[in-house]
1. Tell me, Val72, Val116, Val108 in order of fewest to most beta-carbon neighbours within 10 Å?
2. Could you derive backbone 3J(HN,Hα) for the stretch 62-78 from the dihedral phi with the Karplus parameters 6.51, -1.76 and 1.60 (θ = phi - 60°), listing whole Hz in sequence and x where the residue is Gly or Pro?
3. So for the pair Glu38, Trp134, with labels modelled 7 Å out along Cα→Cβ, what separation do we get in nm?
4. What are the residues whose amide H is under 5 Å from the amide H of Glu133, where those residues sit 5 or more places off or on another chain and H is modelled from the backbone?
5. Taking 0.36 nm per intervening residue step and subtracting the Cα-Cα distance, what contour gain separates Glu99 from Glu69 on full extension?
6. Is any residue of the stretch 107-139 close enough, with backbone N under 15 Å, to a label point placed 7 angstrom from the Cα of Arg61 along the Cα-Cβ axis, and if so, which?
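What follows is calculated from the coordinates using simple rules that are stated; it is not laboratory data. None of these values were measured; they are calculated from a predicted model. Here the Cβ is made from the backbone with ideal geometry for all residues, glycine too, and neighbour counts use every protein chain on show.
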Amino acid sequence: MTDDKKGSKLGLGLLIGTVLGGIAAFFLSPKSGEENREMVAKKVKQLEKLLKEKEIDKKVREIFGEVSEETVKLYNQAKAWLIEDLAQLKETVENIDQEKYKKAVDDVMKKVQKEVKKDTKELEKLKNQLMKEWNKLKK
């Protein structure tokens, strides 16, 4: 799979997450529609920027022991779900605390476990990698 296709799938996942997050924020917030759209778009962009990966293949190899279309897709999907879950929180990025972040990671891992049949050790490594992303948010 080429890097362009990987990027387009990640982009599609992030786009879907953005739309879902925006819809949730729109209906659950007492703010006007325009304020909600601006808030969600800003939050998603911040999260994407903070959690952007530069060496996906390296991290995927550390987690799963191999780099394949399936493992890259799984890693990217988990990241997209995490961004989606964080975007749905009513707090700004700066106000997301570690407890809320951990809950979002736990929710993502439940989704991952339903989607794939991977070794528990690999899934634990994926969870640990997602938890390391907490440091990026707090900088």
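1. On the way: Val72 19, Val116 16, Val108 23.
Neighbour counts put them in this order, fewest first: Val116, Val72, Val108.
2. 4, 7, 9, x, 8, 10, 9, 4, 5, 6, 5, 4, 4, 4, 5, 5, 4
3. 3.3
4. none
5. Working: separation 30, 0.36 × 30 = 10.80 nm, distance 3.20 nm.
The Glu99-Glu69 span can extend by a further 7.6 nm.
6. none
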